[in-house]
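Colleague: Got a structure here, written out as structure tokens. Questions coming.
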Amino acid sequence: MATDESNENGAGARGPNNCPTLTTNQGVPVGDDNNSLKAGPRGPTLLEDFIFREKITHFDHERIPERVVHARGEGAHGYFEVTKSLKKYTRAKFLQKVGEKTKVFVRFSTVAGSRGSMDTARDVRGFAVKFYTEEGIFDLVGNNIPVFFIQDAIKFPDVIHAVKPEPHNEIPQAASAHDTFWDFVSLTPESTHMLMWVMSDRAIPRSLRMIEGFGVNTYRFIDAEGKATFVKFHWKPKLGVHSVVWDESQKLGGKNPDYHRLDLWQAIERKQYPEWEFAIQLIEEKDEHKFPFDVLDATKIWPEELVPLQRVGKLVLDRNPDNFFAETEQVAFCPSHMVPGIDFSDDPLLQGRLFSYLDTQLSRLGSPNFHELPINRAQSPVDNNQRDAHMRYTIDKSRTAYSPNSLGKGCPFHAGAKGFNTYAEKIDAKKVRERSKSFADHFGQAEMFWRNMSGPEKQHIVDAFSFELGMVETEMVRKRMVDILAQVAMPLAERVAANLGLTIDNPAAAMKRLKAEWDKYGVTFPPGERHDYDGIKAPELSMATTVKDTIETRMVAVLAADGVDGAQLEAMKAALEAGGAVVEIVAPTLAALKSSDGKSFKPDKTLRTAASVFYDAVYVPGGADSVKALKKEGRAVNFINEAFAHYKSIAGVDQGLDFLLATDILPKGSTDADLFKESGVVGSRNGGDVKQVAQKFKAAIAAHRHWDRKNVERVPA
Ligand code: HDD
């Protein structure tokens with residue numbers, strides 16, 4: 001390992017700044033690696049140059065295959081802490097004692113895009129947690145959406161081939177808005193519930209720190225007596241679940257493709273540690289068949305009204321990785337990394353995952369010894385009779401690599417009852433290649449999702465379907481999808497159809513057309529009996545019910561130029577920072593600003609390097625000269641237009657209000673009173689009132705976005 005120490009041994013000396021000196025991988029001190037060895041200064045390079053060959057060979061082999069899905073990701077270290085003992089349900093050691101902490105590494109990801117794709121694509125987010133427990137590694141490999149596109153893992157290559165860039169031209173990158181995806185899902189009715197989630201704001205999060213996490217599949221807890229309970233796992237973000245708007249997500253993709261990665265990194269560097277509550281839902285085995293959904297069907301949630309959520313732990317991310325490749329890229333999650341006290345269910349999606357992840361690590365990381373990489377290494381003892389293979393690090397010292405043995409004193413011994421022993425589920429069945437009829441309700445929960453959305457959320461879902469299907473070139477695919485939406489809710493189908501220039505008659509006629517299409521193309525699992533979730537309230541599905549009482553970590557821009565009112569700038573900055581927000585001064589240039597009251601302020605960004613899409617809110621303080629200068633900057637005007645069109649909070653004081661009125665957010669001739677009628681726009685003409693304005697501004701920012709804002713469509717942004 002290239003530690004400072006080994007380097008020092010190899011090189012035997014230190015250079016300027018007490019830096020270790022450069023060596024080859026063999027520890028040989030290198031005199032010069034800026035020039036290759038040549039036959040004369042202008043002559044050919046010599047094969048003898050082992051320094052050149054080692055450097056270039058290593059470089060040539062730097063890349064490993066990216067993940068076949070979830071290639072784009074970012075990770076962080078942290079800990080998991082038990083807040084309520086789960087002893088009653090599981091013997092898993094790390095879940096027994098309140099206050100018990102377990103180290104974790106978490107990786108977030110998008111699914112469809114390549115490793116270098118943009119963070120803000122409309123997509124599911126992966127939420128994979130590696131627990132380094134005393135009884136070995138437990139990986140909880142989840143997503144930010146609680147259901148999945150398909151019910152059986154054998155369909156995974158199909159859904160992924162459909163959503164990935166099309167094979168003939170490798171277009172589009174990190175986007176589901178293309179024909180093959182919608183062709184596939186319009187012929188796969190079990191995807192409908194998941195489509196509702198993916199077309200909702202859940203798929204365009206504001207921050208990875210503001211997403212929920214779900215284990216998706218059903219697992220089992222096993223208690224000390226061997227009794228099993230079905231369990232679903234959840235992560236609930238402390239800051240609530242928040243999104244950006246679609247236009248913003250697209251602009252961010254260009255202006256800052258690393259938007260989420262940077263946001264996560266900076267929050268941890270600022271010690272504003274991302275935090276989630278860990279929650280579970282439990283169903284006793286005897287109640288397995290009591291519910292309108294099959295507990296083994298990963299396209300269904302367990303509504304909290306039927307199966308209450310219990311908050312039992314917390315997750316805190318408090319350390320950024322030291323090296324992206326060594327940690328975030330080489331981390332290998334596998335749902336089959338399981339510990340005593342937790343076990344699998346027969347969910348056919350989970351069962352297939354148990355094979356796929358280990359298998360993929362072999363080709364991605366190149367060796368069955370991937371568990372020896374530092375990020376993947378168990379932090380409990382590892383001892384078995386597996387040996388050798390590519391890149392073996394461990395120097396096994398025993399003479400025996402078989403069991404039973406006497407030469408090695410019988411070591412290592414089986415752990416017996418203390419070890420992982422698979423739950424002795426009784427199975428008496430015929431081998432069949434079919435899906436259970438209890439999985440066939442493809443639309444009931446999709447309708448429940450739609451019904452529980454707020455008005456703006458419904459509008460965003462309509463907009464998302466209209467965008468995605470609008471990008472589809474094949475008319476029949478668009479029609480099939482509208483017919484599917486008619487099975488979910490007619491108002492949804494009608495609104496999307498109108499945007500696509502189509503019409504929709506009624507669900508029964510739509511189903512008849514769908515059946516004909518499905519027959520034509522060999523659809524094997526059409527919808528069966530539908531459950532009506534009418535009586536069930538599921539407020540947890542809506543983001544409108546989320547946490548809205550904090551401005552912690554929200555990014556606020558202050559637009560200012562020379563002549564800004566320094567007191568108004570400082571007072572607002574102090575008030576927002578006291579609430580945990582991050583305030584940045586955005587000015588025409590990076591030169592220090594001189595305020596009207598003789599102070600000096602260092603801008604954080606310029607109107608060229610920053611954009612409203614990087615911020616949650618914007619404030620324009622007073623100062624006649626400052627506002628005069630801003631009015632001349634189209635970028636400053638656009639900043640406010642865009643912030644308004646993206647439903648963000650806006651504040652102005654004194655001439656700052658003149659600036660807001662000079663933008664396009666309201667018709668010309670509007671007044672302060674018109675401004676304040678707009679939800680989330682606050683301010684005052686009395687410069688002394690900054691503290692009161694700050695109070696209102698904080699409440700507005702905490703609300704996140706002002707979806708009820710009128711006049712947004714007419715703003716050129
Ligand atoms: Fe998967 C990666 C989550 C179904 C096969 N998956 C992967 C990652 C996450 C998920 C978060 C990235 C892990 C990381 O950060 O390294 N996958 C899910 C969830 C699913 C799911 C929540 C549904 C419940 N996956 C699923 C199926 C299969 C796979 C049905 C195959 C049959 N998934 C893989 C994989 C990946 C993967 C090919 C690619 C890279 C990797 O495993 O390490 O094995």
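Colleague: Would you call ALA389 more than 16 Å from the ligand (Cβ to nearest atom), in contact (Cβ under 8 Å) with a residue 60 or more places away in the chain and either in a loop (DSSP other than H, G, I, E, B) or exposed (fewer than 13 other Cβ atoms within 10 Å of the Cβ) (or both)?
Modeller: No: the conditions fail for ALA389.
Colleague: Still on this structure, please answer the following. Pairs under 7 Å by beta carbon, first residue near the ligand (Cβ under 9 Å from one of its atoms) in segment 68-84, partner open to solvent by 40 Å² or more (accessible area, probe 1.4 Å) and among the basic types (Lys, Arg), six or more apart or different chains?
Modeller: ALA71/ARG115
Colleague: Moving on. With respect to GLU473, determine if the residue is of a type in the set (Asp, Glu) and part of a helix (DSSP H, G or I).
Modeller: Here the answer is no, as GLU473 does not meet what is asked.
Colleague: Moving on. Exactly one of (1) open to solvent by less than 50 Å² (accessible area, probe 1.4 Å); (2) over 25 Å from PHE443 (Cβ atoms); (3) not hydrophobic (A, V, I, L, M, F, W, C) is unmet by GLY352. Its number?
Modeller: Condition (2) is where GLY352 drops out.
Colleague: Still on this structure, I have one more. If LYS397 passes every condition in (1) more than 16 Å from the ligand (Cβ to nearest atom); (2) at pLDDT 95 or above but one, which one does it miss?
Modeller: It fails just one condition, (2).
Colleague: Here is a further query. So in segment 182-215, with the set limited to residues that are more than 16 Å from the chain's Cα centre (by Cα) and among the aromatic types (Phe, Trp, Tyr), which one is farthest from MET543 (Cα to Cα)?
Modeller: Checking each candidate, the answer is PHE184.
Colleague: Can you name every residue in segment 358-379 that is away from the ligand (no atom under 13 Å from the Cβ) and either open to solvent by less than 20 Å² (accessible area, probe 1.4 Å) or of a type in the set (Val, Ile, Thr) (or both)?
Modeller: SER367, ASN369, GLU372
Yes or no, residue by residue, for (1) touching a strand residue (DSSP E or B) at 6+ places or on another chain (Cβ under 9 Å); (2) open to solvent by 50 Å² or more (accessible area, probe 1.4 Å):
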{"position": "GLY419", "(1), (2)": "no, no"}
{"position": "GLU425", "(1), (2)": "yes, yes"}
{"position": "GLU434", "(1), (2)": "no, yes"}
{"position": "PHE439", "(1), (2)": "no, no"}
{"position": "ALA446", "(1), (2)": "no, no"}
{"position": "PRO456", "(1), (2)": "no, no"}
{"position": "GLN459", "(1), (2)": "no, yes"}
{"position": "VAL462", "(1), (2)": "no, no"}
{"position": "SER466", "(1), (2)": "no, no"}
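Colleague: Could you pull out the residue among GLY75, GLY27 that is farther than 30 Å from ARG115 by Cβ and either assigned to a loop (DSSP other than H, G, I, E, B) or touching a strand residue (DSSP E or B) at 6+ places or on another chain (Cβ under 9 Å) (or both)?
Modeller: GLY27
Colleague: Still on this structure, I have one more. Between a first residue in segment 314-331 that is surrounded by 19 or more Cβ atoms within 10 Å (Cβ to Cβ) and at pLDDT 95 or above and a second residue that is of a type in the set (Ser, Thr, Tyr) and in a helix (DSSP H, G or I), which pairs have beta carbons less than 7 Å apart while being 6 or more apart in sequence or on different chains?
Modeller: PRO321/THR328
Colleague: Within the group ALA153, ALA128, ALA174, which residue is more than 24 Å from GLY352 (Cβ to Cβ) and either crowded, with 24+ Cβ neighbours inside 10 Å or within 11 Å of the ligand (Cβ to nearest atom) (or both)?
Modeller: Of the residues listed, the single one that is more than 24 Å from GLY352 (Cβ to Cβ) and either crowded, with 24+ Cβ neighbours inside 10 Å or within 11 Å of the ligand (Cβ to nearest atom) (or both) is ALA174.
Colleague: Out of the residues in segment 332-349 that are within 11 Å of the ligand (Cβ to nearest atom) and outside any loop (DSSP other than H, G, I, E, B), which is least open to solvent (accessible area, probe 1.4 Å)?
Modeller: LEU349
Colleague: If you go through segment 91-120, how many residues are over 19 Å from GLY213 (Cβ atoms), more than 16 Å from the ligand (Cβ to nearest atom), out of contact with any helix residue (DSSP H, G or I) (no Cβ under 8 Å at 6 or more places or on another chain) and open to solvent by less than 50 Å² (accessible area, probe 1.4 Å)?
Modeller: Residues meeting the conditions: 2.
Colleague: Looking only at segment 603-622, which residues are buried (at least 24 other Cβ atoms within 10 Å of the Cβ) and touching a residue at least 60 places away in the same chain (Cβ under 8 Å)?
Modeller: VAL613, TYR615, ASP616, ALA617, VAL618, TYR619, VAL620, PRO621, GLY622 - these are the residues of segment 603-622 that are buried (at least 24 other Cβ atoms within 10 Å of the Cβ) and touching a residue at least 60 places away in the same chain (Cβ under 8 Å).
Colleague: Working only within segment 10-24, note down all residues that are outside any loop (DSSP other than H, G, I, E, B) and either hydrophobic (A, V, I, L, M, F, W, C) or loosely packed, with under 13 Cβ neighbours inside 10 Å (or both).
Modeller: ALA11, PRO16, ASN17, ASN18
Colleague: Of LYS251, LYS232, LYS236, which residue is in a strand (DSSP E or B) and open to solvent by 20 Å² or more (accessible area, probe 1.4 Å)?
Modeller: After ruling out the rest, the residue left standing is LYS236.
Colleague: Taking the condition of being in contact with a strand residue (DSSP E or B) (Cβ under 9 Å, 6 or more places away or on another chain) and either open to solvent by less than 10 Å² (accessible area, probe 1.4 Å) or at pLDDT below 95 (or both), how many residues in segment 279-301 meet it?
Modeller: 5
Colleague: What are the residues in segment 152-205 that are without any contact (Cβ under 8 Å) to a residue 40 or more places away in the chain and either in the same structural domain as GLU475 (by TED's automatic domain parsing) or among the hydroxyl-bearing types (Ser, Thr, Tyr) (or both), if any?
Modeller: THR180
Colleague: Let me ask another. Quick check on PHE355: is it in a loop (DSSP other than H, G, I, E, B), within 11 Å of the ligand (Cβ to nearest atom) and either farther than 17 Å from GLY126 by Cβ or in contact with a strand residue (DSSP E or B) (Cβ under 7 Å, 6 or more places away or on another chain) (or both)?
Modeller: For PHE355, the condition - in a loop (DSSP other than H, G, I, E, B), within 11 Å of the ligand (Cβ to nearest atom) and either farther than 17 Å from GLY126 by Cβ or in contact with a strand residue (DSSP E or B) (Cβ under 7 Å, 6 or more places away or on another chain) (or both) - is not met.
Colleague: Still on this model: Quick one: ASP318 ticks every box in (1) touching a Phe, Trp or Tyr at 6+ places or on another chain (Cβ under 7 Å); (2) assigned to a loop (DSSP other than H, G, I, E, B); (3) away from the ligand (no atom under 16 Å from the Cβ) except a single one, so which number is it?
Modeller: (2)
Colleague: Looking at segment 395-417, which of its residues are charged (D, E, K, R) and open to solvent by 100 Å² or more (accessible area, probe 1.4 Å)?
Modeller: Scanning segment 395-417 gives LYS397, ARG399, LYS409.
The values are calculated or read from the model by the stated rules, or taken from the named source; none is laboratory data. The shown structure was predicted, so the numbers you read here are calculated from the model rather than taken from an experiment. So basically every Cβ, Gly included, is an ideal-geometry build from the backbone, and we count neighbours across all protein chains shown. Ligands, DNA and RNA are excluded from the accessible area calculation, which covers all protein heavy atoms including side chains. Shrake-Rupley method; radii C 1.70, N 1.55, O 1.52, S 1.80 Å.
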